[in-house]
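Some notes on the structure that comes next.
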Amino acid sequence: METFSKRFGHSQNDKEITVREDAPQSLREFLIMTLYHFDYTPFFLRDVICKVLRVAPDRNNWTDYPNIDGEVHNLIENCDWYKIYDIIEAFARQIKEEKKQLFHDDLNDFFRTNGIGWKLENGLIQMRGDETFETAIKKVESTLEDAKLKTAKSEIKEAIADLSRRPNPDITGAIQHSLASLECVCREVSGKKNATLGDIMKIAGTIIPTPLDQVISKIWGYSSEQGRHLKEGKEPEYLEAELVVELSATISNYLGKKLISIGSGAEKDDDLPFY
């Protein structure tokens, strides 16, 4: 059942994302509290947690309270931050089916209202961007599905997976996969099935109105520059990769819609990217 605040639109606004490579104490406590609220016992919690952490339970602890409960808190409070998200995924698999959606909702509400840059989706912890980023990703996945561009959709999902890797995100992989997705879409729209994004960049004005076509050129130039930097031992920052993924998704969404319009014989110039 929805709370009063949700029913009447008084829910707390999402906080700016400030936490990613961490699992705050408040999250650790909330996880335990939520599972107890679902009527799971300390014995059940300990069993799942120990399997994830690959440690043996303390067989000297027999009773749920206070012994096993204390052990559960100790395990949760002292494990590495990224293990907390592994544990959340494990519980998402183990809890009863009728509790799973509520578990997802409770955790995601906590992430959003506490500025934690993760989300629980289909039992997996994935990176969460700000509202603009999330909207861009949802739109492009839907559009690429409708346009039957499976490879492009797969590449953008791989980009998100790379940003979601724990404890260290694959920054370079995220950039490469997002550009591969954009390249796939550009090939379809331009009709040049074997062209690289660099080739398509030269005729970008024919598929995206100028001067917006320059965005593709700039993204390609950035990725080429980063390739040179990698040889020098420098890696792009997380926020830079997130921006490239978002820009690639936004352009791919526009081009995907354009492709659908062409296929239906109703091509339009609306839904321009960045508008």
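The values are calculated or read from the model by the stated rules, or taken from the named source; none is laboratory data. What you are looking at is a predicted structure, and each value in this text was computed from that prediction instead of being measured. In this analysis, Cβ positions are derived from the backbone assuming ideal geometry, glycine residues included, and neighbour counts consider all displayed protein chains.
Here are the numbers for the structure shown:
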| quantity | calculated |
| --- | --- |
| Some residue of the stretch 36-47 being within 27 Å of Asp130 (Cα to Cα), out of contact with any Gly (no Cβ under 8 Å at 6 or more places or on another chain) and without any contact (Cβ under 8 Å) to a residue 60 or more places away in the chain | no |
| Some residue of the stretch 9-22 being in a helix (DSSP H, G or I) and either hydroxyl-bearing (Ser, Thr, Tyr) or closer than 29 Å to Asp130 by Cα (or both) | no |
| Test set (1) modelled with pLDDT of 90 or more; (2) over 15 Å from Gly256 (Cα atoms); (3) among the hydrophobic types (A, V, I, L, M, F, W, C) - Ala195 fails condition number | (1) |
| Some residue of the stretch 145-153 being assigned by TED's automatic domain parsing to the domain that holds Ser181 and of a type in the set (Val, Ile, Thr) | yes |
| Those residues of the stretch 91-148 which are crowded, with 16+ Cβ neighbours inside 10 Å, small (Gly, Ala, Ser) and out of contact with any strand residue (DSSP E or B) (no Cβ under 7 Å at 6 or more places or on another chain), in sequence order | Gly129, Ala136, Ala147 |
| Close pairs (6 angstrom Cβ cut-off, 6 or more residues apart or separate chains): under 15 Å from Lys15 (Cβ atoms) in the stretch 94-114, assigned to a helix (DSSP H, G or I) and not acidic (Asp, Glu) anywhere | Phe110/Phe30 |
| Ser178 within 30 Å of Val19 (Cα to Cα), surrounded by 22 or more Cβ atoms within 10 Å (Cβ to Cβ) and within 14 Å of the chain's Cα centre (by Cα) | yes |
| Residue in the stretch 54-74 that is under 28 Å from Gly129 (Cβ atoms), out of contact with any strand residue (DSSP E or B) (no Cβ under 9 Å at 6 or more places or on another chain), among the small types (Gly, Ala, Ser) and not in a loop (DSSP other than H, G, I, E, B) present | no |
